[in-house]
1. Working out 0.36 nm times the residue gap between A:Lys11 and A:Lys154, then minus their Cα-Cα distance, what length gain in nm do you get to one decimal?
2. Amide H of B:Phe50 versus every other amide H placed in the peptide plane: which residues, excluding those fewer than 5 positions away on the same chain, fall under 5 Å?
3. If the cut-off is 12 Å between C-alpha atoms, which aspartates and glutamates fall inside it for A:Lys154, apart from same-chain ones fewer than 8 positions away?
4. Among the listed pairs B:Lys18/B:Lys211; B:Lys161/B:Lys201; B:Lys111/B:Lys198; B:Lys171/B:Lys200, which are separated by more than 21 Å between their Cα atoms?
5. Pairwise over distinct Cα atoms, reciprocal of the mean inverse distance: report the Kirkwood radius of region A:36-113 in Å, one decimal place.
6. Any of B:Lys4/B:Lys49; B:Lys7/B:Lys235; A:Lys35/B:Lys113 with alpha carbons more than 21 Å apart? Name them for me.
7. Give me the lysines in straight-line cross-link reach of A:Lys83: C-alpha distance below 16 Å, same-chain residues under 8 apart excluded.
8. If I take every Cα pair under 8 Å that is 6 or more residues apart in chain A, average their sequence separation and divide by the length, what percent do I get for the relative contact order?
Amino acid sequence: MRRAFGKTIVKLAEKDEKIILISGDVEQEMDEYKKKFPDRYFNVGLCEQSMISLAAGMAAEGLRPYVYSITPFLIERPFEQIKIDVDEQDLPVVMIGNADYPSHGPTHRPLNARKLVSIFKNIHGYFPRNQFETEKAMLDSYIMKKPAIICIYKDGLPFV
Amino acid sequence: MLNKRSKELRLKIIELSKANGGYHYGGSFSCVEILINLYDSVLNLEHDKFIMSKGHACWGFYVLLHERGYKPLLEGHPHRDVHNGVEWTTGSEGHGLPAAVGISLARKIKKKKGQIFVLIGDGECQEGTTWESMLLASHHKLNNLTVIIDFNKIQGSGFVKDILPVDSIGKVAETIGWEVSEINGHDNNEVLNSLNAKYKKPHLIVANTVKGKGVSFMENQPKWHANWPSPEYEKKAKEELSK
């Protein structure tokens, strides 16, 4: 699914120069994107809260930010930033969370992301089960131009 | 001495906030001169943006928007409504500055002109996002960002110096690559000159102010951070501001 994310974000960025990729120091499957669009890539470091507000600020200026991190760092740590800056203001920030760490302890395991995402008023949740659904979620979120959270994980299948 | 405009704005703050259930007089009064200079002389509303990050002190901001024909929702904390001059939803502290960093960075990417101004409180400087944003703004060389701290020395439950002092913020900002000005936030010349200044770095203005400025019994009194004035106090405040 991470590969599908990496491929699709490149595809979107080739089509639309407003696409911006923001990472919270989690660079997975981003090599191609970084190489092709160095000016539209921002690793903001370990500032998960400001990362969400910053992305919302970019969206308010008409850009299309895609924010990538590990699911608990993406949703739980900046929960209020998601509530106020993204959901309340209905700004088209797409947040992609990866949860591939079942053996890495409680810090890297999300709470029930489905339940958390369901609380918001405007954010659409995507829970793809494979690479095809991941690509579709990325494309859908782009077309819908609404705030979205896409939760991915390692599906163990070879990338097609 | 406050001039006529400053006094009248404070009177309007009392009227508007009273009619709409607001009561953060201390912080609303400390930033009046900053807001007046921004709106009357500095902001070009076509290109520039202002974010009222210390959302609880919104009443002077609302009065200035009303004067310009905008009709923002008159709640106790601002709700984003760009058609009515409110650029960001604020009230929970520490949201306006990182948002402004995103806006300023977007403008750099799009090569779009305009200055982004943010007003934050000194209590707000305790928020982690304030420090995160300071690092981000200098790293990305956001010289289209001007941050003003309404340094009134008092927060919700007392004096900032007793709760968690933030006096080092100017020094830290300077060390990590900001241009820092320290001014008297009630002196119109100092406020105007610092707001108009252009630098090659992001600009932090530490505006020393007095909480409750303009009403003797409110000045520098923590209880007037959020205190509903009785009719007697309201009358007294209005009398002082009408002199």
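1. Net length gain for the segment: 49.4 nm.
2. B:Phe117
3. Cα-Cα hits under 12 Å: A:Asp100.
4. Distance filter (> 21 Å) returns B:Lys161/B:Lys201.
5. 13.1
6. Exceeds cut-off: B:Lys4/B:Lys49; A:Lys35/B:Lys113.
7. A:Lys115, A:Lys121, A:Lys146
8. 25
None of the figures in this text is laboratory data; all of them are computed from the coordinates on show. Keep in mind the model is a prediction, meaning the values are calculated, not measured. In this analysis, Cβ positions are derived from the backbone assuming ideal geometry, glycine residues included, and neighbour counts consider all displayed protein chains.
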